[in-house]
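The values are calculated or read from the model by the stated rules, or taken from the named source; none is laboratory data. Predicted model, so just to flag it, every value in this text is computed and none were measured. Here the Cβ is made from the backbone with ideal geometry for all residues, glycine too, and neighbour counts use every protein chain on show.
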Amino acid sequence: MDKNAKIYVAGHNGLVGSALVRNLQANGYSNLLLRRHAELDLTDQHATEAFFAEEKPEYVFLAAAKVGGIHANNSYPAEFIRQNLVIQTNVIHAAYKTNVQRLLFLGSSCIYPRNCPQPIKEEYLLSGPLELTNRAYAVAKIAGIETCRSYNKQFGSKFLSVMPTNLYGPNDNYDLDNSHVLPALIRKFHTAKISGSSEVEIWGSGNPRREFLYVDDMASACIFLAKLSAQAYQELLNYSVVPGLINVGYGSDLSIQNLAEKIAKVVGFTGRIIKDQNKPDGTPQKLLDSSRIHELGWKPEFSLDEGISKTYSAYTTGIDLT
């Protein structure tokens with residue numbers, strides 16, 4: 001990937017997209033195509049194709065998506081499946097029509113069955129039922145994987161599907177109704193600390209186990225994959241077990257209870273942690289097998305403790321503490 005290559009980051013204002021921009025710029029890539037939703041609506045097929053036809057990006061990081069936690073996914077499934085299907089279909093087709101050299105489609109570990117063997121290998125895709133609370137989003141992302149694979153097979157395109165574990169970091173969503181667990185807990189513990197509350201409630205039993213990857217590590221993994229040699233990249237696309245799909249994870253997990261305790265320590269909350277067991281737990285465990293990308297030479301840089309500290313620092317500098 002030449003330093004002067006024209007690179008389009010779809011969804012550059014989001015959690016992953018903004019991290020990609022930070023990392024690309026830090027590595028000397030300055031020819032970045034960035035469009036806010038007000039400037040380019042990726043659910044509009046004609047507008048998307050016109051943008052690609054005019055700008056002709058060489059590389060595309062498809063990070064634009066409608067995302068959310070358990071509550072949002074469970075409450076608005078029609079929005080999650082429709083918007084994600086439309087966005088990814090429009091971008092992938094436009095990339096094919098304008099001969100994009102490489103496209104990375106960013107998905108989610110929720111594509112895998114609810115009760116997968118752990119750690120989760122790429123070949124477990126479509127091997128069992130999905131988690132009901134986010135099935136619509138998962139089906140949309142699975143469709144994106146198959147879309148990339150189908151275009152590669154029929155047209156010889158080079159579209160790679162990259163499945164991250166749970167991501168967190170600066171520029172996350174802290175809305176308690178729509179956010180993921182880690183940013184939601186940061187907000188809850190911070191609010192409790194400044195208000196003097198003696199307790200913080202977490203959803204469910206606290207027993208489900210999750211893996212978390214700092215978003216700048218995810219960005220570095222994506223850039224690493226986009227820069228692979230032609231042979232190594234093609235081997236990923238041709239992988240006989242699950243072509244064109246690769247996991248990106250941290251390598252270890254922890255319980256939600258332990259996560260809450262870590263966040264409380266970073267935030268400085270010293271009260272009680274209580275559980276609302278009427279709320280859903282979601283999938284019992286999600287730990288990705290990321291051995292393939294690790295064997296290629298990429299490893300995460302940030303520990304969970306370091307990542308939470310950096311995320312909390314970013315959160316407190318971006319809100320009104322009064």
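Pairs meeting the criteria (first residue in the range 274-293 and more than 22 Å from ALA192 (Cα to Cα) and modelled with pLDDT of 85 or more, second residue of a type in the set (A, V, I, L, M, F, W, C) and part of a helix (DSSP H, G or I), beta carbons under 7 Å, at least 6 apart or on different chains) are ILE293/ALA221.
Counting the residues of the range 171-216 that are at pLDDT 95 or above, assigned to a loop (DSSP other than H, G, I, E, B) and within 17 Å of the chain's Cα centre (by Cα) gives 1. Only residues that are assigned to a helix (DSSP H, G or I), among the basic types (Lys, Arg) and either surrounded by 23 or more Cβ atoms within 10 Å (Cβ to Cβ) or modelled with pLDDT of 95 or more (or both) were counted across the range 109-141, and they come to 1. Here ASN13 fulfils each of the conditions (1) of a type outside the set (A, V, I, L, M, F, W, C); (2) surrounded by 14 or more Cβ atoms within 10 Å (Cβ to Cβ); (3) more than 22 Å from the chain's Cα centre (by Cα) apart from (3). Any residue at all in the range 230-252 that is under 21 Å from LYS3 (Cα atoms), surrounded by 19 or more Cβ atoms within 10 Å (Cβ to Cβ) and of a type outside the set (Gly, Ala, Ser)? Within the range 230-252, none of the residues are under 21 Å from LYS3 (Cα atoms), surrounded by 19 or more Cβ atoms within 10 Å (Cβ to Cβ) and of a type outside the set (Gly, Ala, Ser). Among residues of the range 142-192 being closer than 20 Å to GLY68 by Cβ and among the basic types (Lys, Arg), the one that is surrounded by the fewest Cβ atoms within 10 Å (Cβ to Cβ) is ARG187.
Quick one: would you say SER75 is hydroxyl-bearing (Ser, Thr, Tyr), farther than 30 Å from GLN154 by Cα and out of contact with any helix residue (DSSP H, G or I) (no Cβ under 9 Å at 6 or more places or on another chain)? Considered against the rule, which asks whether it is hydroxyl-bearing (Ser, Thr, Tyr), farther than 30 Å from GLN154 by Cα and out of contact with any helix residue (DSSP H, G or I) (no Cβ under 9 Å at 6 or more places or on another chain), SER75 comes out as yes.
Yes or no: the range 113-123 includes at least one residue that is under 25 Å from VAL21 (Cβ atoms), more than 16 Å from the chain's Cα centre (by Cα) and touching a residue at least 60 places away in the same chain (Cβ under 8 Å). No, the range 113-123 has no match at all. Criterion first (of a type outside the set (D, E, K, R), in contact (Cβ under 8 Å) with a residue 60 or more places away in the chain and at negative phi) does LEU254 satisfy it? No, not satisfied. Among helices (runs of 4 or more DSSP H) entirely within the range 243-322, having at least 3 residues that are closer than 30 Å to SER161 by Cα and not basic (Lys, Arg) singles out 291-296, 304-317. Is there a residue being among the hydrophobic types (A, V, I, L, M, F, W, C) and in a loop (DSSP other than H, G, I, E, B) anywhere in the range 149-166? No, the range 149-166 contains no residue that is among the hydrophobic types (A, V, I, L, M, F, W, C) and in a loop (DSSP other than H, G, I, E, B). Looking across the range 37-54, the residues that are free of Cβ contacts under 8 Å to residues at least 24 places away in the same chain and of a type in the set (D, E, K, R) come down to GLU39, ASP41, GLU54.
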